[in-house]
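Before any comments, here is the structure.
The values are calculated or read from the model by the stated rules, or taken from the named source; none is laboratory data. Just so it is clear, the model here is predicted, and its values are computed rather than measured. So basically every Cβ, Gly included, is an ideal-geometry build from the backbone, and we count neighbours across all protein chains shown. Just the protein is used for accessible areas: all its heavy atoms, side chains included, with ligands, DNA and RNA removed. Shrake-Rupley method; radii C 1.70, N 1.55, O 1.52, S 1.80 Å.
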Amino acid sequence: HVNTTNSKAVVKLSLKSSQIPSWARDALRQSPSYIRSSDSLQTSSMTSRTQGANLDECLSKLHSIILRAAMESVPTLPSAEQQERVKEFQKKEQVQRKEFKMKRKNVKRGRSAKWDD
């Protein structure tokens with residue numbers, strides 16, 4: 001029975017905890033580490049031979065899960081290139097709209113023209 005120490009570490013964090021922001025909870029519930037029955041996140045590690053190192057790894061996993069969920073929940077601003085493309089599309093749309101309105105104006109003006117018979 002050589003090297004049979006039980007050094008597995010398991011960390012559980014309730015989503016009802018005040019340490020987790022309410023706006024990130026929905027994204028965390030989509031995580032593979034989510035446990036529905038206890039409404040919590042759970043990670044485990046057995047990679048190291050010491051329980052302390054495994055506990056540190058569990059905490060870092062939990063930290064990365066929370067950060068990923070938080071980053072997905074917070075909307076980001078579009079890049080400068082994207083903003084320029086949007087402005088170009090808006091300008092094109094304004095030109096097309098103005099042309100359409102002018103055509104409609106001319107059609108209506110043609111209907112109400114007085115005949116010189």
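Per-structure values
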{"quantity": "The chain - percent of accessible surface contributed by carbon and sulfur, probe 1.4 Å", "calculated": "53 percent"}
{"quantity": "Listed peptides 49-57, 75-83 by packing density, highest first (mean Cβ within 10 Å)", "calculated": "49-57, 75-83"}
{"quantity": "1.4 Å probe accessible area per residue over the chain, in Å²", "calculated": "86 Å²"}
